[in-house]
1. So what are the ³J(HN,Hα) numbers for the range 255-267, from phi and the Karplus equation (6.51, -1.76, 1.60; θ = phi - 60°), rounded to whole Hz, Gly and Pro as x?
2. Taking θ as phi - 60°, what are the ³J(HN,Hα) couplings along the range 369-378 by the Karplus curve (6.51, -1.76, 1.60), each to the nearest whole Hz, with x for Gly and Pro?
3. Starting from the range 229-316, pick out the trypsin sites (Lys or Arg not before Pro) whose DSSP state is loop and whose Cβ has at most 14 other Cβ atoms within 10 Å.
4. Rank-order 624-630, 185-191 by packing density, defined as the average count of other C-beta atoms within 10 Å over each peptide's residues, highest first.
5. Assuming R0 = 45 Å, can you tell me the calculated FRET efficiency for the pair K494 and D164, based on Cβ-Cβ distance, to the nearest 0.05?
6. Ranked highest first by the average count of other Cβ atoms within 10 Å around their residues, in what order do 198-210, 334-346 fall?
7. If Lys and Arg each add +1 and Asp and Glu each add -1, what is the summed charge of the other residues whose beta carbon sits under 15 Å from the beta carbon of T775?
8. If a paramagnetic tag sat 7 Å from the Cα of I248 along the Cα-Cβ line, which residues of the range 87-109 would have the backbone N under 16 Å from that point?
Amino acid sequence: MSRHVEGLNEEQARAVVATEGPLLILAGAGSGKTRVLTRRIAYMIDEKRIRPWNILAVTFTNKAAGEMKERVEHLVPPTEDDRRDAKVWVSTFHSTCVRILRRDIGHLGYDRGFVIYDDDDQTRVLKAVLAELKLDPKQHPPASFRSAIDRAKNALRVPTEKDDTPNLARVYRMYTERMKAANALDFNDIVNKVVEVWELKPEVLDHWRGKFRYVLVDEYQDTNPAQYKLVKLLCDYDSLTLPWGEKITGRNLAVVGDDDQSIYSFRGADIRNILDFEKDFPNATVVRLEQNYRSTQTILDAASSLVKRNQQRKDKTLWTDADQGGLIRVIRATDEAEEAARVTDEIRSLLRGTLRPADIAIIYRTNAQSRPFEQALLQARIPHVLVGGKKFYERREVRDLVSYMKLVVNPADDIAFARIINIPTRGLGDKAVQQIADEAARFGITLRQAARNLGQQSGRVGNALAAFTMMMDNFERLALLVQPGELVTEIATKTGYIAELEAENTDEARGRLENIEALSKAVQEDDGLDVEMDNYGDPLPRAPQSPLEKLRAFLDRVSLAGQADELPDQDAGAVTLLTAHLAKGLEYPVVFVVGLVEKCFPHARAEQEAEIEEERRLAYVAITRAREQLFLTLPSRRMMRMGSEMRFEPTLPSRFLRELPTKLLTGDVPASVSARPFQAPRAPTPPSAPTRPSYSGFPPPRAAAPTPRTPSFGGGTFAPPQPNRLKAAVPPAGVRKLVPDDLESFRVGVEVFHPLLGTGTISKREGSPANPKLTIHFRDHGPRPVYAVSAGLEILLP
């Protein structure tokens, strides 16, 4: 028996040794799929003598790719003779495609030094396009065009005049022209351009088929049509004779996934890719991994009974050798504040035992639900972390310096130029920037070239642009000579960025200086791979990377990292608060799934049956994150906006909660769904005095203690507002408001508007930069603490 199948169950071992031909591994939650994937790669190298550089393994997150790499290297340690460019390619779809494009994008008329634009860069390009087309951004929001363009690219489709979004075809054409002129790709282009090259140049496709003869795809249920097409082109062939005479066979494709965890249709993922795999690759071997190594049988029974109601799925049933486990506890509270308080009480009780805060997660459907739980945990002094705050590469100082580096490697990057031309301030206001734009439009040149031209003129603007041009020229020369980390320091110093922060001399400024230092260290990592092969399909030795190549590889990593979901540090020693989408792939001894009411989970936007099925899969994902204990909670009423007023509205228990077998539940157990079919509630008549709402599907609530004083919008206390009594605040007449791009705009002394408390001035800022706690002195309500992320604040403009 091979050492690589020792300790595996029968189905896991079958998946490891089935190396030839198409293979579908249906891996249920917690079934050990990463172990199977890494053992399979090790088996292919060790036992089947497949050369590592002929294997490609792709997944969706850097974290998953990094973990897979480490496990493979542990199973098959590299020898002294191994070259780093002779290893298995284990990376994300987008990292893989960037490496391919660095070699082949010239076939499409781009330069190999292309840059990658993130969402913010895309939006800036679209704003410029809308301005040129004279389309009012209020009536035609750039974000809606960006979303429509992303959807079209995910589906490998070019927008036409028949699209639902008005003017989309015109905007798309001009957007594409501007992107190509800037030698830039957006995130969706990365995969699409590889498909485009391969369809245009069959000989290039054959080159990559010769290199990647065995392909593994993780999380296959999350692939979109573009990624599906990429995999199909690479693997779907009978045989191929390579230029040096070697003949190879195709269809050596293994895909791993779980249709029950397909939850990313909003990103373009198509569940049909995994459901139709056997149609696409006839005679495929199918292996079902149904033994779970994570959860108790009670939790698995609940999850299976829920997801089996879906029609679009492949049959499988999770089971475990572990204990049956305790029943699932259902907690019904009066409202969201009490729900948070009771969850916090349960956590406090759990922490008196052997559990640590890091063993516990609170999972909700949307980020907006986090506020009462943050407040309750804060008041109870229980350490907690909110996942979904600002990522490192989204911080202002990091984005500024990265834009300088982008302009160094690609002088045609107008978006990077526009961001940093007056950062730090060099006396170039809106009028000067418009002058540069007019010069560029007049002569059909880049903003950088236009600045160089205008820098030859006399006057304040000319002198400032001449100095800027000279500085950027010096940075370009330095990029060829010094290591990227040193270049970061030079840019931060010579531009005056560091001096400006040092002069500010605040805790926030010191934190930003630390981020610049961290950026200088991060840029030193070496991630480039040479992909050239010799006449026998072996990798050629890789020459040492030049400083400029290292810088370009770093900028690729930054652009790709900026698109990834932020994942929590599970060793942070804190209770984790996160959405069900972000929870996928994680596990905790204790999980609270909260807010289980209709129009919340499932979401109010889910109306069609296919949408309800995806919401049900999302609930399945949330439930299967729990290893030992699972709590399901819901409020009996929620504060809702009704026109200009805020008032409590009764809720209906989630159909997902009512679909669970009652024998698995304890606490405030709902009636079976079969006993009472779901009916949408009628709009309630506004009561003149507080009334007890109806609780469809539940027994009457137990006698409650007098209503406690509960947390307010950010840490103060006040009695819960009665129905129909709390009115929305009205902004001062004639005052302009602004929703800021980042949380750093909420500084001490800034005037803000709160949707309920009205106008106030920030007097104190403290806590995490990802969700700072602000003390605001409101004109009508006095000082109140609020949290910046969830308070709905707008800045009042002078």
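The values are calculated or read from the model by the stated rules, or taken from the named source; none is laboratory data. What you are looking at is a predicted structure, and each value in this text was computed from that prediction instead of being measured. We place every Cβ from the backbone using ideal geometry, glycine too, and count neighbours over all the protein chains shown. The protein model used for the area step is the full one, side chains on, heavy atoms only, and it has no ligands, DNA or RNA in it. Shrake-Rupley method; radii C 1.70, N 1.55, O 1.52, S 1.80 Å.
1. Values, residue by residue: 10, 10, x, 9, 4, 6, 10, 7, 10, 10, 4, 5, 9 Hz.
2. 7, 6, 3, x, 6, 4, 5, 5, 5, 5
3. Sparse-neighbourhood loop trypsin sites (Lys or Arg not before Pro): R309.
4. The most tightly packed comes first, giving 624-630, 185-191.
5. 0.35
6. Per-residue Cβ counts within 10 Å, averaged per peptide and sorted highest first, yield 334-346, 198-210.
7. Around T775, the surrounding residues sum to +4.
8. Hits in the range 87-109 for I248 at 16 Å: 87-90, 100.
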